[in-house]
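Structure first, then comments.
Quick note: the coordinates plus some simple rules give every number you see, no bench work behind them. Since this is a predicted model, take the numbers as computed values, not measurements. When we count neighbours, we look across all protein chains shown, and the Cβ atoms used for this are built from the backbone with ideal geometry, even at glycine.
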């Protein structure tokens, strides 16, 4: 019971393990090292986006523009790398500008929602159209290739270990550091009781803006992964990721009403979505049913999470 | 000694048999990343039928289908599933022209043949078997320019901005209209390959430009656009491109519309499958697939429907449901003729 309180992502973890076992049972090669590397390469972007989304959800807000930020950063980074020639230093410079772009988008969202007091769901829907429009303006057609140095690093190995696993280790370190800052707790406090947080002297507006900024920065990191996995710019690439990132947050045990949740849960939630997709296929679902079964499976995972959580608390 | 010879013989026989089995049986993965239209469903059904047809030739071709509405990372996951399963070939209708370069490189490393269809891909590790979308757009524009006698006001209704096939089709009609100084392209709008949006767009265009003579509209929106034209009572004065679904062809016939349609046949994936099976048999193309902007394409012929052959097209579609598209594909014999 105390475990459930300390680790609200436990139900999600159970589902994740079950899904891994099932995937392995139906297609043993999917849980081999190569299979797991492929899984990590494909879903690292969604994991990062779900983590970013979590910080916003902590405060009871939502970011419907997260996927559009991914597209915008992907397009900017690819164009800059092409413009500067694609050698090592220019790649690093483009990455830095990409991160700054994501951060700036997040700040815009934060100001619009927290400072101007517009409803988060509509305001970030509007900014998502704006960011997507900007991405389309920068690159009207998908297709500019990213330099080989960039995607070969993402898809390759460092010291015999796939690069994505190093990225996951770095991500774990980053999350540990973030968990020790006051920001996560402040966001949760605002989400739990905005009025109370404000009255107890917390700068609620500034905190919410910081949450959006953090989400923008994580969206930029997600965009770097997308760029690594797809080796090109695509002004529409992130569009569908937004709702998946929100689904991952909820699957991971966070409450959309705010004040309750964990980033680790969201990370697991993203993997659950990925594994459900491949499992639906590996069990031999006919193609015309794959979308339907996937939707039902995600619903079941949600329900299972709630049931397991209740049992554990009872 | 005799025993050893026997052992060698049986080993040789086993090797020969496994070799024969390898040559006869193929596992082919079909990946489709968008299920928003019956055209895609028909594309997969025709490919499945084409695979079954190989049985008569002594080849067991098993198709594994992954078809769902996915984003680009989701379709990359589909390809990774096929690699995990150890298929011999992957045929993909890709959601992006360039995003599959890394994953196709991995497929090639695993010894898998990759063919894209319907939309070209930049990967040097893949071959494109399908129509030239630019030529598709140009053929419809040529028809329109000819039908209008080389002069008149024309509007264009396009699909999704930023989608590569859309951009290629647009460049196709732009090039043709530029060659006809009498044709004035007064406006171009996007209606996202959606009939309702196509109808709405046409309504707005008719209200804004009462003197339109021609409409260049892509399939998936043409039926909607024509509905607006008929509602406005202008079907006698306007020539416009049409589409290849049975219900539209029936309407076209009964209302005597002045229309013409470039055919992007849903049979392209079946054609790609027949080419894939021949490639898996290690046969060589007579002309290597090196055309197109990515130098990896093999273009299929583009049929055209106009007044001259409308009745034939309608006959071919008789008894089919309204959403069924006019189709054509490379038969096994057609495909064999392309190989040495």
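Observations
- DSSP-defined antiparallel bridges as percent of all bridges, chain B, nearest 5: 10
- Relative contact order for segment B:99-232, counting Cα pairs under 8 Å that sit 6 or more residues apart, in percent: 23
- Förster-model FRET efficiency, 25 Å R0, residue A:161 and residue A:14, C-beta, rounded to 0.05: 0.35
- Test item: A:23-34 mean partner chain Cβ contacts at 10 Å: 2
- Inter-part distance where segment B:270-337 and segment A:224-289 are each reduced to a Cα centre, Å: 37
- Evaluated over chain B, the Cα radius of gyration and Dmax, each in Å: 22.9, 95
- Taking the longest Cα principal axis of chain B as reference, the axis of helix B:133-147 is set at about 30 degrees.
- Fraction of the pair-distance distribution of segment A:1-108 above 22 Å, Cα-Cα pairs, percent: 55
- In whole percents, the pair-distance distribution calculated for segment B:27-130 from its alpha-carbon pairs, binned every 10 Å from zero, is 16, 51, 29, 4.
- Gained length - residue A:304 relative to residue A:21, 0.36 nm times residue gap less alpha-carbon distance: 100.2 nm
- The alpha carbons of segment A:10-71 occupy a box of 40, 29, 14 Å along the principal axes, longest dimension given first.
- Average projected area [Cα convex hull, segment B:113-199], square nanometres: 6.6
- Directionally averaged shadow of the protein assembly as shown, computed from the convex hull of its alpha-carbon atoms, nm²: 36.3
- Helix B:38-53 axis versus longest C-alpha principal axis of chain B: approximately 30°, rounded to the nearest ten.
- Spacing of the two label points (7 Å from each Cα toward its C-beta) at residue B:25 and residue A:89, in nm: 5.8
- Rg/Rg_ref, segment A:62-143, where Rg_ref = 2.2 N^0.38 Å and atoms are Cα: 1.18
- From the alpha carbon centroid of segment B:74-139 to that of segment A:92-140 is 32 Å.
- Mean separation of Cα contacts under 8 Å (6+ apart) over length of chain A, as relative contact order %: 37
- Rg to Rh, two decimals, where segment B:133-262 supplies the alpha carbon set and Rh follows Kirkwood: 0.92
- Taking B:294, A:198 and counting other C-beta atoms within 10 Å, the order from fewest to most: A:198, B:294
- Helix B:72-85 and the long axis of chain B differ in direction by around 20°, with both axes built from C-alpha atoms.
- Cβ-derived FRET efficiency at R0 22 Å, residue A:129 paired with residue A:97, nearest 0.05: 0.45
- For segment A:103-181, the alpha carbon positions stretch 50, 42, 16 Å along the principal axes, listed from largest to smallest.
- Ordering A:242-254, A:215-227 by mean Cβ neighbour count within 10 Å, with the highest value first, yields A:215-227, A:242-254.
- With a 10 Å cut-off around each Cβ of A:96-109, the average count of Cβ atoms from other chains is 0.
- Translational D in µm²/s for segment A:132-282 (Stokes-Einstein at 4 °C, 1.567 mPa s, Kirkwood Rh from C-alpha pairs): 73
- Euclidean distance of C-alpha centroids, segment A:8-55 and segment A:164-210, integer Å: 25
- Chain B, relative contact order [Cα under 8 Å, separation at least 6], %: 18
- Two-site FRET efficiency, residue B:284 against residue B:108, from Cβ-Cβ distance with R₀ of 25 Å, rounded to 0.05: 0.90
- Averaged over peptide B:80-87, the number of partner chain Cβ atoms lying within 10 Å of each residue's Cβ comes to 6.
- Using alpha carbons only, the radius of gyration of segment A:2-313 set against its Kirkwood radius gives Rg/Rh = 0.97.
- Restricting attention to the protein assembly as shown, close to 15% of DSSP beta bridges with both partner residues there are antiparallel.
- Within segment B:223-340, the proportion of C-alpha pairs whose separation exceeds 17 Å stands at 63%.
- Once both labels are positioned 7 Å from their Cα atoms along Cα-to-Cβ, the gap between residue B:247 and residue B:52 label points is 2.6 nm.
- Projected label distance in nm at residue A:296 and residue A:180, using a 7 Å step from Cα toward the beta-carbon: 4.8
- Of all DSSP beta bridges confined to segment B:133-262, the antiparallel ones make up roughly 0%.
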